[in-house]
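Notes to accompany the following structure.
The values are calculated or read from the model by the stated rules, or taken from the named source; none is laboratory data. Predicted, not measured: the structure shown is a model, and the values here were computed from it. Neighbour counts are summed over all protein chains in view; Cβ atoms, including those assigned to glycine, are modelled from backbone coordinates with ideal geometry. Keep in mind that these areas ignore ligands, DNA and RNA; they rest on the heavy atoms of the full protein, side chains included. Shrake-Rupley method; radii C 1.70, N 1.55, O 1.52, S 1.80 Å.
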Amino acid sequence: MAQDNSSRVTEFILLGLSDTRVLQLLFFTFFLLAYAMVLLGNLLIIVTVRTDPKLSSPMYFLLCNLSFIDICYTSVTAPRVLVALLSGHKAIAFEGCMAQLFFLHFVGSSEMFLLTVMAFDRYTAICRPLHYTAIMARGACWALVVACWVGGFIHSIVQTVLMLQLPFCGPNTIHSYFCDVPPIVRLACADTALTEWLMASNSGLISLGCFLVLVASYALILAKVRARLSQGHWKALSTCASHVMVVTLLFMPCIFTYLRPAGTLPTNRYVCVIYTTFSPMMNPLIYTLRSSEVKESMWRLWKR
């Protein structure tokens, strides 16, 4: 519902991924299956880690938190998308849109920080094994997880406050299937150049910074294990390679989306699917199925 220039927009229209009914049904099937996999896979990981005393190491504690974050992260967008694809209702209230934007960045940035902590955990376990127990004590793990959530909250508050300062009085059509900074800031009835640079510096630099730290940590691990060709180190190297693949699927689209002013290039709606749905769906597969300990624990849990 477009408003005249003297009024305030009270709702936005999310165009979604396609106007073709056949494609909408295909997208509905994809999102439904992906959301079900995210919920079932991550809930299974949480239950397995919480019920098996053998999975009490810091790595599995962090993995359990990652599973919880993935459930929250996907739940911010997936249910709303499924309802819109099935019913055709594309309108979202202004307040609901801002709430979705806040929780998306809150949980999303918390996941980026947590993945960085998990990379530090792997670096410590492989490169400094004698000090691992002291460095990654349970109290330190809890402090790192809390710091991830606090950092995500601060980042999201900044993004949301910057967005709420903008006037919206004209177009209200969002070229996406969820509320996010780049497509919304283009609808503001004001000069948004400074705001766009501030938002790009906030989200984009966080994405780029975390990604560079991750790459650096895995590069140090690679340099450490290169001279040690034992089976255990090859396994660690293989695990790190799979982790790099997953974090690349999450970080590269985010860097492409956020590390630039919103008005420079249009946002690709299909790129957003990668980091909002596909990456959380892959996390349980990559971080769990490659761990024989977790698979054995799941099998024992199934037999019980």
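Annotation: per residue accessible area for the chain equals 47 Å², rounded to a whole number [probe 1.4 Å, protein chains only]. Membrane-span-like helices in the chain (whole DSSP H runs, Cα extent of at least 18 Å along the helix axis, mean Kyte-Doolittle hydropathy of at least -1.0): 21-51, 58-87, 94-127, 138-164, 193-225, 231-258.
Across HIS155, HIS175, the residue with the most accessible area heads the list, and the full order at a 1.4 Å probe is HIS175, HIS155. Here the translational diffusion coefficient of segment 108-204 follows from Stokes-Einstein with Rh set to the Kirkwood radius across Cα pairs; for 4 °C and 1.567 mPa s it amounts to 81 µm²/s.
Using +1 at the C-beta of Lys and Arg and -1 at the C-beta of Asp and Glu, which of SER217, SER56, VAL185 has the Cα lying farthest in the positive direction of the dipole of the chain? Going by the charge dipole, the pick is SER56. Taking a straight line from the alpha carbon of LYS54, these aspartates and glutamates sit under 13 Å away, with near neighbours fewer than eight places off in the same chain left out: GLU293, GLU296.
Using +1 on the beta carbon of Lys and Arg, -1 on that of Asp and Glu, and nothing else charged, what's the dipole of the chain about the Cα centre, debye to 20? Each step should come with its number before you reach the end.
On the way: 21 positive and 13 negative charges, 260 e Å.
Here the chain has a charge dipole of around 1240 debye.
Pairwise Cα separations in segment 11-103 fall into 5 Å bins from 0 onward with the following percentages, short to long: 2, 13, 19, 17, 15, 13, 9, 7, 5, 2, 0. For LYS224, the aspartates and glutamates whose Cα comes closer than 20 Å to its Cα, not counting residues fewer than 8 places off in the same chain, are ASP121.
Taking all protein chains together, CYS97, CYS72 sort by accessible area into CYS72, CYS97, largest first [probe 1.4 Å].
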